[in-house]
Amino acid sequence: MPKLKLFIFCGETLANATAARLAERFPAARIVNTYGPTESTVAVTQVEVTPAMAAAAEPLPVGAPRPGTRLRIVDAVGADCAPGVPGEVVIEGDTVAKGYFGRSDLTARSFSTAEWEDGARVRAYRTGDEGYLDASGRLHYRGRLDLQVKLNGFRIELGEIEERLRRLPGVDAAALTAPVRDGKVTHLVAHVVFTGERLPGETDFRLGLRLKEALRAALPHYMIPKKIVFLDALPVTGNGKVDRRALAAARG
C-alpha cells in the first residue's frame, strides 16, 4: 500500500512496538494516537507519534484535547491532581453526551456539569479511566480503574503488567485476568499471543518461565503472573476490545 498516508488509533492501547513497526513499514504515513470514550463522541485528544516516542521506555501519550474540550484528573474525592499525578480522567465540554438512555442511575453516577472560567456551563463525564497530564497538557492513559486489583495486600494495575508483557520480544498481545475465590483475588493469569522463536524443544511451560524471568527485570515479585496461557489470538467483543469475560470463562 504505497499510498497509505494515515493511521488513527483509538479505543485500545497502541503499543510502542506496534507504532515502531508501522513507521518502519510505512515511512511516509503519519501515525496518530487518540483517546476518548463513546460517551464523549470517541476521540477527543490526539498526538502524532514520532520515532522518539515509539522508541521511548514509557508508553505512548494519547495527546492534547481538541478545542472545546477540557480534561481534568481528579482523585478519589474529586479534587484536581497536580501534573504528573495519576487519577481518574474527567472530560468536560461540547462533546459530552447527555447521559445513558433509560438509565438515570448510571447517568447520575458518571455525568455532571462543570463551570469554566468564562462562566460557561458544560457537561462533564467521569470516564473510569486512570491517567495523568504532563507539563505540556498531554494526556497519558494508564488503564481502566476497574482493572486494578488487590493481591496479598498489594494494589496492582493489570494494564501495567500487560504493557510490560507486550514489550517482550515475540509477544504480540497480552491480557491479564485475576481469578477470585471467596471474594479475594488469588493470583494473576497472563493470556499471551506469542509469535517469536522458541528455544529448541521449548514447551509452553518453559516459555512461560522464560517470560516470567524477563518480567522480573521490570516488575516487583507480586506483579509476576502465576500462570501464563498461550493463545493463537485474544478473544474480542463486538466492538473490537479484548473480551476479558471470555478469557476468564476459558480459564475456568
Loop only by DSSP, 16 or fewer other Cβ within 10 Å of the Cβ. Give me the chymotrypsin sites (Phe, Trp or Tyr not before Pro) in segment 114-181 that pass, ordered by residue number. Trp116
For a Förster distance of 25 Å, can you work out the FRET efficiency between the beta-carbons of Glu197 and Asp232, rounded to the nearest 0.05? 0.90
Classify segment 174-243 from the C-alpha gyration tensor, please: rounded if a/c falls under 1.5, else prolate or oblate depending on whether a/b exceeds b/c. oblate
Using a 1.4 Å probe on the protein chains only, how many percent of the accessible area of the chain belongs to carbon and sulfur? 54 percent
Run the dipole for segment 91-137 about the Cα centre, Lys and Arg Cβ at +1, Asp and Glu Cβ at -1, nothing else charged, and hand back the magnitude in debye, nearest 20. 380 debye
Quick one: ranking Asp134, Asp232, Asp75 by accessible area, 1.4 Å probe, largest first, what do you get? Asp232, Asp75, Asp134
List the residues, sorted by chain then number, that are 5 or more residues from Leu151 or on another chain and whose placed amide H is less than 5 Å from its amide H. Ile156
Probe 1.4 Å, all protein chains present, accessible-area order of Met53, Met223, largest first: Met53, Met223
Which whole number of Å³ per residue matches the convex hull of the alpha-carbon atoms in the chain? 174 Å³
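State to the nearest 20 debye the size of the charge dipole of segment 1-40 about its Cα centre, where the only charges are +1 on K and R beta carbons and -1 on D and E beta carbons. It would help to have the intermediate numbers written out before the result.
On the way: 5 positive and 3 negative charges, 64 e Å.
So the dipole magnitude of segment 1-40 works out to roughly 300 debye.
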Quick check: convex hull over the Cα atoms of segment 63-186, volume per residue in Å³, rounded to an integer? 174 Å³
Just going by the charge dipole of segment 127-252, with Lys and Arg at +1 and Asp and Glu at -1 on Cβ, which of Tyr132, Phe154, Ala173 is farthest out on the positive end? Phe154
Cross-link candidates for Lys150: which lysines have Cα within less than 30 Å, leaving aside residues fewer than 8 places away along the same chain? Lys184, Lys212, Lys226, Lys227, Lys241
Once a ≥ b ≥ c are taken as the square roots of the eigenvalues of the Cα gyration tensor of segment 84-136, is the result rounded (a/c under 1.5), prolate (a/b larger than b/c) or oblate (a/b not larger than b/c)? oblate
In a GNM of the chain with a 10 Å cut-off on Cα contacts, which of Gly84, Gly201, Gly137 has the highest mean-square fluctuation? Gly201
How much mean residue ellipticity at 222 nm does the chain get from its helices, if each DSSP H run of length 4 or more adds -39500 (n - 2.57) and you divide by all residues, to the nearest 500 deg cm²/dmol? -5500 deg cm²/dmol
Per residue, how much accessible area does the chain have with a 1.4 Å probe, in Å²? 58 Å²
The chain - charge dipole about Cα centre, Lys and Arg +1 at Cβ, Asp and Glu -1, debye rounded to 20: 640 debye
Listed residues Arg167, Arg142, Arg155, most fluctuating in the chain (Gaussian network, C-alpha, under 10 Å): Arg155
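The values are calculated or read from the model by the stated rules, or taken from the named source; none is laboratory data. If you're wondering where the values come from, they're calculated on a predicted model, not measured in any experiment. Backbone-built Cβ (ideal geometry, glycine too); neighbour counts: all protein chains shown. Keep in mind that these areas ignore ligands, DNA and RNA; they rest on the heavy atoms of the full protein, side chains included. Shrake-Rupley method; radii C 1.70, N 1.55, O 1.52, S 1.80 Å.
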